[in-house]
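**Q** Below is the structure I would like to discuss, written out as structure tokens.
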There are 2 protein chains.
Amino acid sequence: MTNHVGTAEPHAWQTGPLPAYPQADQTGLHAWQTVQALQNGENNPGAGPRAWQTVLDYIESLLQRGTLAPGDRLPGERALVAQLGVGRSSVREALRVLDVLGLIHTRSGSGPSSGATIVAAPRGGMSALMRLHVAVNGFPVADIVRTRLILETAVAIDLAGATPAPTLDRAVAHLEAMDDPALRAAEFLEHDAAFHLALAEASGNQVITATMAGLRSSIENYALVGTTRLPDWSATASRLRVEHRGILAAITARDTSAAGSLIHQHISNYYKETFGATPPSGSPAHPGATTPTTPPPGDTAHG
Amino acid sequence: MTNHVGTAEPHAWQTGPLPAYPQADQTGLHAWQTVQALQNGENNPGAGPRAWQTVLDYIESLLQRGTLAPGDRLPGERALVAQLGVGRSSVREALRVLDVLGLIHTRSGSGPSSGATIVAAPRGGMSALMRLHVAVNGFPVADIVRTRLILETAVAIDLAGATPAPTLDRAVAHLEAMDDPALRAAEFLEHDAAFHLALAEASGNQVITATMAGLRSSIENYALVGTTRLPDWSATASRLRVEHRGILAAITARDTSAAGSLIHQHISNYYKETFGATPPSGSPAHPGATTPTTPPPGDTAHG
DNA sequence: GTCACTATTGTGGTCTGACCACAGTAGCAC
DNA sequence: GTGCTACTGTGGTCAGACCACAATAGTGAC
């Protein structure tokens with residue numbers, strides 16, 4: 001009853017199962033120790049691995065060999081204490097990390113749904129990571145915007161060229177929600193972000209989706225403050241609505257070049273208008289625009 | 001003596017200081033609660049914020065308003081206990097999260113260098129996040145490679161077009177290190193990864209650098225296993241050396257188109273060769289290659 | 001037998017207190 | 001001055017005790 005870890009087969013990777021997954025690095029260092037060593041810039045001699053690292057290593061090894069998969073339950077905290085010979089507080093520190101990283105989800109109480117369950121929710125962890133690193137100026141906002149430019153342009157091009165044409169229902173829904181004139185700036189921005197995120201989701205790339213969620217979340221407060229600087233938020237909102245329609249229209253029309261150009265300009269212009277700064281380069285020549293398609297500046301893309 | 005939190009002015013953002021940084025969301029929910037709520041998909045009614053979230057919120061607010069900046073020391077754990085009215089274990093859970101995320105660095109002992117210090121080391125956290133999410137199949141390896149394709153292509157184009165020409169000393173150093181014929185596969189891959197990372201660093205984008213470090217780390221073990229599948233690792237290594245030289249040469253020659261094409265093919269081919277799978281699309285047409293420059297396939301780029 | 005209530009059990013969440021190893025620093029003996 | 005020693009404050013860890021909570025087993029009334 002205490003052994004939640006089943007005997008499930010290792011999950012197959014997209015291109016087929018790996019015959020033998022390496023259990024540890026060739027160096028003999030566990031991954032978490034490596035991370036710590038890199039961060040500390042020292043060898044930490046004589047000191048054994050931290051107790052919480054032991055727990056983290058153990059759980060990671062279970063994940064890597066497929067013993068634990070999404071939906072499975074972790075052994076209880078007290079069971080881990082007994083298995084690994086560490087204190088419960090150390091176990092809880094490790095579980096807390098996995099929690100914030102979006103890998104587990106804990107529930108109190110009894111029954112089959114209680115305890116820590118493996119999930120795969122990278123967005124929360126990515127958002128926390130990026131938001132905090134923006135807060136300590138490790139991630140300059142300009143770099144965040146530059147990265148958005150690169151990823152979103154690639155996503156737009158990908159969507160426009162994808163076969164079969166991707167489903168964009170969710171993006172459209174947020175587009176229409178933004179049409180409500182009674183929307184406050186914060187609410188508008190929420191749908192705005194959701195629209196961009198929906199495009200990433202439509203591309204089907206989990207990594208880009210999570211990354212974009214993190215990028216957006218990290219500058220959420222900046223964007224909100226930025227609206228108060230604009231001379232005329234209403235006018236800006238109108239322009240954004242038009243640009244969004246244009247981007248969507250280009251994707252639907254399977255015009256990769258226009259899609260890339262439009263979304264690049266969309267982000268770049270908004271950044272410039274909001275912060276009055278020189279727009280970050282992103283990439284010097286936005287992709288697919290070697291022969292720049294004249295983008296429809298007006299409402300030609302409506303409906 | 002116990003108050004490590006100074007009265008430093010808020011750090012200026014690149015485009016100038018923000019006049020008034022919002023202290024909390026308009027919704028009244030703290031960021032961490034929002035993350036939790038999203039992950040849980042529930043409101044968690046009646047239950048107050050978790051104790052460790054309180055600590056995390058507090059520290060994040062200190063970071064956001066600039067009261068804490070890199071190099072500063074956090075209040076001691078026992079001081080936080082007294083300030084926030086939570087137990088020390090809860091404080092430690094929060095600090096552990098910040099530790100793994102690469103935001104603080106803790107040292108035992110006494111003196112001015114002891115305690116938890118604010119740092120900005122996103123790489124470790126990004127690596128941990130991505131590595132674990134690959135382990136639970138939340139991040140398919142194909143998506144990792146696709147994202148690498150997009151980011152590295154953009155980086156290469158950026159570097160080739162940057163003025164003044166960026167310094168590529170570190171990348172060159174790893175290039176030369178890879179020439180050692182006595183290198184084992186694992187060591188070669190280490191320099192290989194370092195080379196690609198050095199390019200990202202040269203672009204000056206902190207976000208991309210950290211992201212690429214995470215992407216690489218997340219599939220490190222896969223790459224290592226992959227080498228054992230290759231029919232002739234030595235031949236592959238030779239080809240990789242040539243391709244690396246070609247990429248560097250294109251950047252040095254300020255040929256944005258070739259730089260983008262070459263690095264795109266480089267990554268795509270290696271993925272295909274190693275895993276024998278259909279190479280991920282990345283972006284349908286690699287940027288800047290609308291008029292494809294015939295890349296030098298041989299060693300024309302040596303030196 | 002069926003139903004409603006209650007006690008039990010097992011989960012995470014938290015706090016408290018106690019040690020330990022460690023690294024500076026102050027104090028003292030010389 | 002110099003060198004040793006004790007002290008102090010730091011994070012790291014463990015053990016134990018509660019609590020709230022949710023499912024379940026058990027118990028009783030009907």
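The values are calculated or read from the model by the stated rules, or taken from the named source; none is laboratory data. Bear in mind the structure is a predicted one, so any value in this text is a computation, not a measurement. All Cβ positions, glycine included, derive from the backbone under ideal geometry; neighbour counts span all protein chains shown. Each accessible area value is taken on the protein alone, full model and side chains, heavy atoms only, with ligands, DNA and RNA left out. Shrake-Rupley method; radii C 1.70, N 1.55, O 1.52, S 1.80 Å.
**Q** What is the spin-label model distance, in nm, from B:E176 to B:S108 if the labels are put 7 Å beyond Cα along the C-beta direction?
**A** 4.2
**Q** Any idea of the accessible area per residue across segment B:110-190, 1.4 Å probe, to the nearest Å²?
**A** Working: 2890 Å² over 81 residues.
With all protein chains present, segment B:110-190 gives 36 Å² per residue.
**Q** Further question on the same structure: Placing a label point 7 Å from Cα toward Cβ, how far apart in nm is B:R254 from its equivalents in the other copies, listed shortest first to one decimal?
**A** For B:R254, the other copies' label points sit at 3.9 nm, shortest first.
**Q** What's the average, rounded to a whole number, of partner chain beta-carbon atoms within 10 Å of each residue's beta-carbon in A:66-79?
**A** Details: counts 3, 0, 2, 3, 3, 0, 1, 0, 0, 0, 0, 0, 0, 0.
Average per residue, whole number: 1.
**Q** What's the total accessible area buried between chains B and A, using a 1.4 Å probe, rounded to the nearest 100 Å²? Let's see the in-between values first.
**A** Working: alone 16940 and 16960 Å², together 25740 Å².
Summing both sides, the interface buries roughly 8200 Å².
**Q** Another question, if that's okay. Label-to-label distances across copies for A:R229, with labels 7 Å out along Cα→Cβ, in nm, shortest first?
**A** In nanometres, ordered from closest: 4.9.
**Q** Further question on the same structure: How well do other chains shield peptide A:211-224, expressed as the mean number of their Cβ atoms within 10 Å of each residue Cβ?
**A** Numbers: counts 8, 0, 1, 4, 2, 0, 3, 1, 0, 4, 9, 4, 0, 3.
Mean shielding count: 3.
**Q** Right, here's the next one. Given a cut-off of under 8 Å on Cα pairs at least six residues apart, what relative contact order in percent is computed for segment A:123-275?
**A** On the way: 164 pairs, mean separation 59.8, N = 153.
About 39 percent, as a whole number.
**Q** Between A:E187 and A:R88, what's the calculated FRET efficiency when r is the beta-carbon distance and R0 is 41 Å? Round to 0.05. Before the final figure, lay out each step's value.
**A** Numbers: r = 43 Å, r/R0 = 1.06.
Computed FRET efficiency for A:E187 and A:R88: 0.40.
**Q** Add +1 for every Lys or Arg and -1 for every Asp or Glu among the other residues with Cβ under 13 Å from the Cβ of A:H196, and state the total. Don't jump to the answer; show the numbers that get you there.
**A** Working: positive: A:R148, A:R170, A:R216; negative: A:E152, A:E190, A:D192, A:E201, A:E220, A:E243.
Overall, the nearby charge balance is -3.
**Q** Ok, one more. For peptide B:153-160, compute the average count of partner chain beta-carbon atoms within 10 Å of each residue's beta-carbon.
**A** Details: counts 4, 12, 2, 1, 6, 7, 1, 1.
Neighbouring Cβ atoms belonging to other protein chains average 4 per residue here.
**Q** Kindly provide the GluC sites (Glu not before Pro) of segment B:123-227 that DSSP labels as loop, not H, G, I, E or B, and whose Cβ sees at most 16 other Cβ atoms within 10 Å. Each step should come with its number before you reach the end.
**A** Working: sites: B:E152, B:E176, B:E187, B:E190, B:E201, B:E220; in loops: none.
For GluC sites (Glu not before Pro) across segment B:123-227 that sit outside H, G, I, E and B with at most 16 neighbouring Cβ atoms in 10 Å, the list is empty.
**Q** In nm, one decimal, shortest first: how far is the label point of B:P70 (7 Å from Cα along Cα to beta carbon) from the matching points in the other copies?
**A** 3.4
**Q** Segment A:42-131: which GluC sites (Glu not before Pro) are DSSP loop and have at most 16 other beta-carbon atoms within 10 angstrom? All intermediate terms of the calculation are to be shown ahead of the outcome.
**A** Details: sites: A:E42, A:E60, A:E77, A:E93; in loops: A:E42.
Here the GluC sites (Glu not before Pro) that fit, given the DSSP loop and packing criteria, are A:E42.
**Q** So what's the net charge close to B:S90: Lys and Arg +1, Asp and Glu -1, counting the other residues with Cβ under 11 Å from its Cβ?
**A** Working: positive: A:R92, A:R96, B:R50, B:R88, B:R92, B:R96; negative: A:E93, B:E77, B:E93.
That sum, taken over residues with Cβ under 11 Å, equals +3.
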